[in-house]
1. Restricting the range 225-251 to residues that are open to solvent by 80 Å² or more (accessible area, probe 1.4 Å) and outside any strand (DSSP E or B), which is nearest to residue 291 (Cα to Cα)?
2. Cβ-Cβ distance below 6 Å, separation of 6 or more or different chains: which pairs start in the range 259-278 with a residue that is among the small types (Gly, Ala, Ser) and end on one that is in a helix (DSSP H, G or I)?
3. One residue is enough: does the range 91-105 have a residue meeting the conditions without any contact (Cβ under 8 Å) to a residue 60 or more places away in the chain, farther than 29 Å from residue 161 by Cβ and either surrounded by 14 or more Cβ atoms within 10 Å (Cβ to Cβ) or in contact with a Pro (Cβ under 7 Å, 6 or more places away or on another chain) (or both)?
4. Conditions: (1) open to solvent by 30 Å² or more (accessible area, probe 1.4 Å); (2) of a type in the set (Val, Ile, Thr); (3) within 19 Å of residue 171 (Cα to Cα); (4) not in a helix (DSSP H, G or I). Residue 296 meets all but one. Number of the miss?
5. For the range 326-360, what are the residues that are among the polar types (S, T, N, Q) and part of a loop (DSSP other than H, G, I, E, B)?
6. Can residue 339 be described as open to solvent by 40 Å² or more (accessible area, probe 1.4 Å) and in contact (Cβ under 8 Å) with a residue 60 or more places away in the chain?
7. Testing residue 267 on (1) modelled with pLDDT of 95 or more; (2) of a type outside the set (D, E, K, R); (3) crowded, with 20+ Cβ neighbours inside 10 Å, one condition comes back false. Which one is that?
8. I'm checking my understanding of the structure. Among residues of the range 108-125 that are part of a loop (DSSP other than H, G, I, E, B) and closer than 11 Å to residue 12 by Cβ, which one is most open to solvent (accessible area, probe 1.4 Å)?
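The values are calculated or read from the model by the stated rules, or taken from the named source; none is laboratory data. What you see is a predicted model; the values in this text were computed from it and never measured. Glycine also receives a Cβ, built like all others from the backbone with ideal geometry; neighbour counts cover every protein chain displayed. Side chains are part of the model used for accessible areas, which takes the heavy atoms of the whole protein and leaves out ligands, DNA and RNA. Shrake-Rupley method; radii C 1.70, N 1.55, O 1.52, S 1.80 Å.
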Amino acid sequence: MPEQLATSPYDALLLLSFGGPEGPDDVVPFLENVTRGRGIPKERLKEVGKHYFLFGGVSPINEQNRALLGVLRKDFAEHGVDLPVYWGNRNWAPYLTDTLREMVADGRRRIAVLATSAYASYSGCRQYRENLADALATLAGEGLAVPRVDKLRHYFNHPGFVRPMVDGVLASLADLPEDVRAGAHLAFTTHSIPDAAADTSGPVEAHGEGGAYVAQHLDVARLIADAVRAETGVEHPWRLVYQSRSGAPHIPWLEPDICDHLETLHGAGVPAVVMAPIGFVSDHMEVLYDLDTEATAKAAELGLPVRRSATVGADPRFAGAVRDLLLERAATERGRAVERCSLGVLGPSHDLCPVGCCPARAPRPAAAGADSPYA
C-alpha cells in the first residue's frame, strides 16, 4: 500500500453515534437509556418523547448513519483505503458495547473512532469517551481482549465539513423569493448547553466565557458567512443562536433561542432568514422538530420567510474528510510529520484530549484521552 494510503496501526474504523428510536415502542426505552441515572419517571419520558411520536416514533439518525456508512465504505474502496468500517451507538441498537464485542471477535485490536459530533463539549466529546471506557470495561469483565481506541480529532473546521454547509446556505438563499433574498439574515444554530458546560469546554487553556464550544462554532459561522459573501457579493448579517434547550429553567443555558431570535429579527424589519444548523452532522430529530417544525411554525406565525439549509449528512465530501482524518492520524501514530487540514483561525484540533478537557459533571473514566485507563 502506498505510504499516503496506509492505515497502520489501525485495523478498523468505528462510526460512533448517539442512536435513536426506530418505532413507537422504542421511544421510552431509548429515552430511559439517554437519561439513565437521573431518576426521571416514565410518565415524564412519555411527555419528553412527544417529538418522536409526531414522526411515528422514528428518529432519522439511524437511517442517516446507515447512509454515511455506505458513503464511507464507497469512498474508502474508491481511494484504495483497505479498512473495515463498523457502527455503534451510545443509546440504541447497534449498541457500542455489542459492536466492540463484534470487532474483537473479528480480530480488531487498534480502532480509530469517528464520533458524529464535530465540536468540543462534555456531551459532544467526553461523554462519548466515557461510553467507550464503559464498553471497554465490560469487555475486560467478560475476559475479552480490550482493543485500543483512538478518537479522531474534532473536524468542525475541516473543508470537507464546512464546504457542504456553505453550499447548503447558498441553496437556501437562492430558494428565497427574490425580493427578500438580498436582505436575508443568517441564523447559525447549534445545540444549547449549560453555560457552565460551555465555559469549561475544550482544553483548560480554552476555558472561559463560552469556552472552545462557542469559539469553534463562531469560527465555522464566520467561515460560511465569508464564503457566502465571496460567492454572492452580498453581505448577509449573521448570528450564532441556539436550539434544543432542556433541563431545569433556573440553570443558565446558552442563548438566544432560535425562536426568540426570529421574533427579534422580525421586530427589526428583517425580510427573511436562513437557518443553518452548523452544530449538527445530520438532519436528526432535533433538526427535524426544533427547526423544521417549531421554528418554522414560529416564522409562519410572524409572517417571516425562512429556509433551513442542509446539514452535511452523507455528503461525499464529508466522507473524504473522514478519510483524510483517518490517514492523518494513522501517519501521526507511525511517527510521520503530517500537514493537518483546517480552515479558519483556530487551526486543527488536538489528537489526544488532555487532562481537564471538557470535564465531567462527576469523575468517570474516559477512553481515548491523556487520562485514559486504556492506553
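1. For the range 225-251, the residue satisfying everything is 245.
2. 272/180; 276/169
3. yes
4. For residue 296, the exception is condition (4).
5. Taking the range 326-360 first, the residues among the polar types (S, T, N, Q) are 332, 342, 349.
Result: 342, 349.
6. Values: open to solvent by 40 Å² or more (accessible area, probe 1.4 Å): yes; in contact (Cβ under 8 Å) with a residue 60 or more places away in the chain: no.
No: the conditions fail for residue 339.
7. Only one criterion is unmet by residue 267, namely (3).
8. Quick first cut of the range 108-125, residues part of a loop (DSSP other than H, G, I, E, B) only: 108-109, 116-121.
Now narrow it down to the ones that are closer than 11 Å to residue 12 by Cβ: 108-109.
Numbers: 108: 61, 109: 105 Å².
Filtering first and then ranking leaves 109.
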